[in-house]
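> I am attaching a structure below and will ask some questions about it afterwards.
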Amino acid sequence: MPNKKHTLLLIDDKPENLMALSSILDLPDREIISCLSGNEALQILLKKKVSLILVDVQMPDMDGYEFVEIIKSHPDTAFIPTIFVTAISNEQKYLSKAYDLGAIDFLSKPLNTEITRKKVESFLKIWDYDQELKKLNETLAQKNEELEQFAHIIAHDLKTPLGNIQTLINLIEEDHILELDGEVSELFDMVKTSSKSMSKLIEDLLYYSKNVQNNEGEEEVNIGVALDDVLKLINPAANVEIEKVNLDHTILFQPLAFHQIVSNILSNAIKYNDKELKKIKISFDQENSTFSIKDNGPGIDAKYHTKIFEMFQTLGRSSNGESSTGIGLNLVKKLVERNNVIIDVNNNADMGCEFVISNIEMS
């Protein structure tokens, strides 16, 4: 007996209609379930995974419209493609009502056998594609979670031996255990620089793995207050000029996520700014629901506007020679996606660049 690839649920209060529709659609790889009422069909949906529903509109007790409204309101059944089958007029008002409720198509009686078969076949193919996409997304999510856990374990395991190396370096330097000069001194400086870079990478990996697993809910966040908290931690130098525009607004956001996003973008705007006077404008556009951080630095080439959000992607060193681990903006991207907003990078007309977060929900 062949495996049943699809389960079709047919609903009509007239047995002869169910028999006729079943004969049109029956194939060896399909399971056909016929129901004489919407209530009976709802009981089936509690127990069976259904690929497609074909429901008559005119039925006693619960008509087709009411039935579809119920299943579309429940997360376990809302995604099931549904076709209305009816003998009533196919006027626009009836079609509109069907589509507004979430139906994917509308078949008029008497049914055209070939059209009915072709439409059902097409929608079942779409169902197959959708199921494959869901499996791929689930696999990808699992792989991402495994990668994040792996990064945390590796970073944690590397932290202790690296700490020991840095302690030895400090002892050598402070107590003059070795007399270093010339080429040996340069090599020693390289060791110090490399250990600092590795330490920063490990700290970033640990922070990344902690934050991507943090799923606290959205709360009311005052933009101005949150920015002031970030600035206290960053403590910009005297040559950093911060302009605040229209920030006294409250948005719905994960507080820690918003803090980290602003902190990362603002820190980069300062770190990679090559101007003697570093000018940064932070503003909120209430009409367009956008938050932006704009700087007067060297800017970012348009070809890198997408790449900078990828893991371990860097654009070189800052103006003072400090390098990046390429983790911060990837974390920003994840936090942005978790809060259902969008982040873009624009080059300014004069100089520098602008990070814009859009689709922000006001509280």
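> How about the stretch 1-58: which of its residues are part of a loop (DSSP other than H, G, I, E, B), under 25 Å from residue 129 (Cα atoms) and in contact with a Phe, Trp or Tyr (Cβ under 7 Å, 6 or more places away or on another chain)?
51
> Next question. Working only within the stretch 248-280, note down all residues that are surrounded by fewer than 17 Cβ atoms within 10 Å (Cβ to Cβ), in contact with a Ser or Thr (Cβ under 7 Å, 6 or more places away or on another chain) and free of Cβ contacts under 8 Å to residues at least 60 places away in the same chain.
271, 274
> Going by what's in this entry, would residue 24 be described as among the β-branched types (Val, Ile, Thr) and over 39 Å from the mean Cα position of the chain (by Cα)? Spell out how you get there, then give the answer.
On the way: among the β-branched types (Val, Ile, Thr): yes; over 39 Å from the mean Cα position of the chain (by Cα): yes.
Yes: the conditions hold for residue 24.
> Would you mention how many residues in the stretch 219-251 are of a type in the set (Gly, Ala, Ser) and either outside the structural domain of residue 286 (by TED's automatic domain parsing) or within 12 Å of residue 291 (Cα to Cα) (or both)?
Selection size over the stretch 219-251: 1.
> Could you list all residues from the stretch 269-296 that are part of a strand (DSSP E or B) and out of contact with any Lys or Arg (no Cβ under 9 Å at 6 or more places or on another chain)?
278, 284, 285, 290, 291 - these are the residues of the stretch 269-296 that are part of a strand (DSSP E or B) and out of contact with any Lys or Arg (no Cβ under 9 Å at 6 or more places or on another chain).
> I'm told residue 316 meets every condition in (1) of a type in the set (Gly, Ala, Ser); (2) in contact with a Ser or Thr (Cβ under 8 Å, 6 or more places away or on another chain); (3) modelled with pLDDT of 80 or more except one. Can you identify the failing condition by its number?
(3)
> Here is a further query. Looking at 221, 230 in this structure, which one is under 20 Å from residue 331 (Cα atoms) and at pLDDT below 90?
230
The values are calculated or read from the model by the stated rules, or taken from the named source; none is laboratory data. Keep in mind that this is a model prediction, so the values were computed, not measured. Ideal geometry is used to build each Cβ from the backbone, glycine not excepted, and the neighbour counts take in all protein chains shown.
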